[in-house]
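Note sheet for the following structure.
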Amino acid sequence: MTLWRFSAILQHHDGGKTTPIQPLHMRFLFFTIALFLSLQIQSEAKSPTLIPNQTWRHTLVDGSAFVNDCEICERPTFLLPMRGTFDLTFTGSANRYDFYSFTNIDFVFTDQNGLTNHVTGGGSAKIGGDFAFQEIIQIQITISNNATNEVVSMTNSSKGVFSAWPSVRFDLREETKSFVRVYKIDLRAAPFRELWYSSGINFTSARAVSDSKAISSGDLLSYSGRVIKRDADIVGRMGIQPSIGTSTPIDAINVLSGGEIAFSLSRDIFSETLGPLHHGDLLGSTGRIIRRNQDLMQQFGVDTNIDYGLDAVQMMENGETLFSITTNTISSNLNLTLSRGDILSDQGTIKKTLRELLAPFAPATNSEDAIDVGLDAIYVWPGGEVWFSTEDGFDSALGPISAGDLLSDRGYVVYRNLEIVEKFNPVEDVNNFGLDSIVLISDTTAASTPGRFSSFTYHKNSSQFDLGWVSAGHTFQVEKSSQVDGPYVPASEILLDLFWTDAAAGAPNTKNFYRLLQW
């Protein structure tokens, strides 16, 4: 798999009127294309092959914590949940070790006194060895709040390897500890920039304004607390007449090339342009039927007169479609039962059964009824790890699992459901809002071909600059700089659209340079 990062650099001038910029005739428009990442997955337990100076953004997941401990006294140990991001850059290999640098550490936690603490800094990692595989971590961080500002050096307390790619797990310990205090960090992370999702039920956001307070179960949302796409925008080209006072029932969601959203419906519905649409059909936000349910199920040798539903879906870069169904059935080709929680392939194979997904959690009882909890959302990492949510909750060795919790088939909770929706601050007193779909924006995946900027329009009256592009990427972000060689900083959110307006482009003589990232 190849991940391209491409950039377009432009300086806009305007002679006093609003005119489209013709890119082929602009002397100050340049395109530079650089290979950003070459990725070859070896196996589920091994890291991908890396190239020097390749950087991946990592996000902390459930289990990450800042620990304030005293090992010789009897005061309580404060285990303080921590969230944030950091960049991990591969810098090269030597003497059977791979070397990495930690940069842009940006963590936040609330301490035992109710103060918000910000953790910044960087460090290095040395991974490998001659006889025993080791991870040797050194970081220097600054911990700051309204009252203090402290620099702390840390290293990992155990040099053994705790997790396999893409998960990152380090237990860090303060080197400059005192007799009455030692700081520790339980670091759990994965290489993604944003997590997008849809909930299982409608809710009301206390932090939103005006009509955006109402969140539909069909809206595509971000873990950061923003609405990516409303359900009405997703189905807007499908020729579906909306019912008064209700939204169109969207179920599974996946993002395709060009920012198109693939989705299923939670019930059958009629389209004036496409005819009957069924729960198990895979549809596209451009107004098309991508695959009928019968096409997805054809290779299993099942009755094609039945719609088996579609609860989770992921379309892979190699063209394979992974999905789950809502109705159990018998595959005559496999001579096996296809269950509603199994991950199926449109090539006629079972990629992973629900029992295999749940096995690391050691469900409280192993009966068929106990593990018949369905599957609502999936994300399969390039190396094989599966993140998923179940349709029903269950009891496990980790305690109760909610239907909306995001889980890993390696046996850990990625995020609890209430944390996923937390940034929207729902007003409803509900302990589980469900999780119908997940989309990850990760540096591990991207389109195999670069794109290009295709349109530019400067509006003098509003000092706004419109950019458009053509790309096979799934998601996009515009970066901006006042200098051609940077530094570039994000100017837009991560987008699905193939266009963006810089509302702060400035006066006609302002010099701006833009760079477009794609995943």
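Sub-6 Å Cβ pairs linking a first residue in region 199-216 that is modelled with pLDDT under 85 to a second residue that is of a type in the set (S, T, N, Q) and loosely packed, with under 15 Cβ neighbours inside 10 Å, at least 6 apart or interchain, are Arg207/Asn425, ordered by first then second residue.
Where in region 430-519 are there strands (runs of 3 or more DSSP E), lying wholly inside it, with at least 1 residues that are touching a residue at least 24 places away in the same chain (Cβ under 8 Å) and among the β-branched types (Val, Ile, Thr)? Steps first, please.
Details: elements: 437-441, 452-459, 464-470, 476-481, 499-502, 513-518.
Once the strands (runs of 3 or more DSSP E) in region 430-519 are filtered for at least 1 residues that are touching a residue at least 24 places away in the same chain (Cβ under 8 Å) and among the β-branched types (Val, Ile, Thr), what remains is 437-441, 452-459, 464-470, 476-481, 499-502.
Summed over region 165-179, residues that are small (Gly, Ala, Ser) and either surrounded by 16 or more Cβ atoms within 10 Å (Cβ to Cβ) or closer than 30 Å to Ala252 by Cβ (or both) total 1.
When region 339-375 is limited to residues that are at pLDDT 95 or above and of a type in the set (Asp, Glu), the one that is farthest from Ser324 (Cα to Cα) turns out to be Glu356. Would you kindly identify the strands (runs of 3 or more DSSP E) lying entirely within region 366-418 that contain at least 2 residues that are among the hydroxyl-bearing types (Ser, Thr, Tyr)? Hits in region 366-418: 412-415. On inspection, Asp281 passes the criterion of being of a type outside the set (S, T, N, Q) and in contact with a Lys or Arg (Cβ under 7 Å, 6 or more places away or on another chain).
Considered as a group, the residues in region 145-164 that are modelled with pLDDT of 90 or more and under 22 Å from Ser101 (Cβ atoms) include one that is surrounded by the fewest Cβ atoms within 10 Å (Cβ to Cβ), and that residue is Val151.
In region 469-486, the residue that is nearest to Arg452 (Cα to Cα) out of those that are surrounded by fewer than 19 Cβ atoms within 10 Å (Cβ to Cβ) and touching an Asp or Glu at 6+ places or on another chain (Cβ under 9 Å) is Lys480. Restricted to strands (runs of 3 or more DSSP E) entirely inside region 180-291, those with at least 1 residues that are crowded, with 20+ Cβ neighbours inside 10 Å and polar (S, T, N, Q) are 194-198, 250-255, 261-265.
The values are calculated or read from the model by the stated rules, or taken from the named source; none is laboratory data. A quick note: this is a predicted structure, and the numbers were derived from the prediction, not measured. Cβ: placed from backbone, ideal geometry, glycine included. Neighbour counts: every protein chain shown.
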